[in-house]
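Taking it in order: structure first as structure tokens, then the write-up.
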Amino acid sequence: MPDITMCSGNYCELKQLCYRYKAEPSKFRQSYFNKPPNKDLQCNYFLEIECEYCHQTNGVHKMSCPTQKIEIRL
């Protein structure tokens, strides 16, 4: 149960990456924005979902993370 104001994600291009949209709401009561606060690809309330393995954000992973991709150029 998140203790945040959640977002309905209407007309938002960032909703699949945002914790405010993807979190599971409380069964009893949950607050939502009246209108999604985004404008195009900008949102002041965006909360990026962290990696479930290494708990990093912004697409950066620890070297020990199983999602870490290594590219070797020869």
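The values are calculated or read from the model by the stated rules, or taken from the named source; none is laboratory data. The model shown is predicted, which means the values in this text are computed figures rather than measured ones. Cβ atoms come from the backbone with ideal geometry, glycine included; neighbour counts cover every protein chain shown.
Please find, within the stretch 11-50, the residue that is farthest from H61 (Cα to Cα) out of those that are more than 15 Å from the chain's Cα centre (by Cα), among the polar types (S, T, N, Q) and surrounded by fewer than 15 Cβ atoms within 10 Å (Cβ to Cβ).
If we take residues in the stretch 11-50 being more than 15 Å from the chain's Cα centre (by Cα), among the polar types (S, T, N, Q) and surrounded by fewer than 15 Cβ atoms within 10 Å (Cβ to Cβ), then N34 is farthest from H61 (Cα to Cα).
State whether one or more residues within the stretch 16-26 are in contact with a strand residue (DSSP E or B) (Cβ under 9 Å, 6 or more places away or on another chain) and modelled with pLDDT under 85.
Within the stretch 16-26, one or more residues are in contact with a strand residue (DSSP E or B) (Cβ under 9 Å, 6 or more places away or on another chain) and modelled with pLDDT under 85.
Output the number of residues of the stretch 1-29 satisfying the condition of being assigned to a loop (DSSP other than H, G, I, E, B), touching a Pro at 6+ places or on another chain (Cβ under 8 Å) and touching a residue at least 24 places away in the same chain (Cβ under 8 Å).
10
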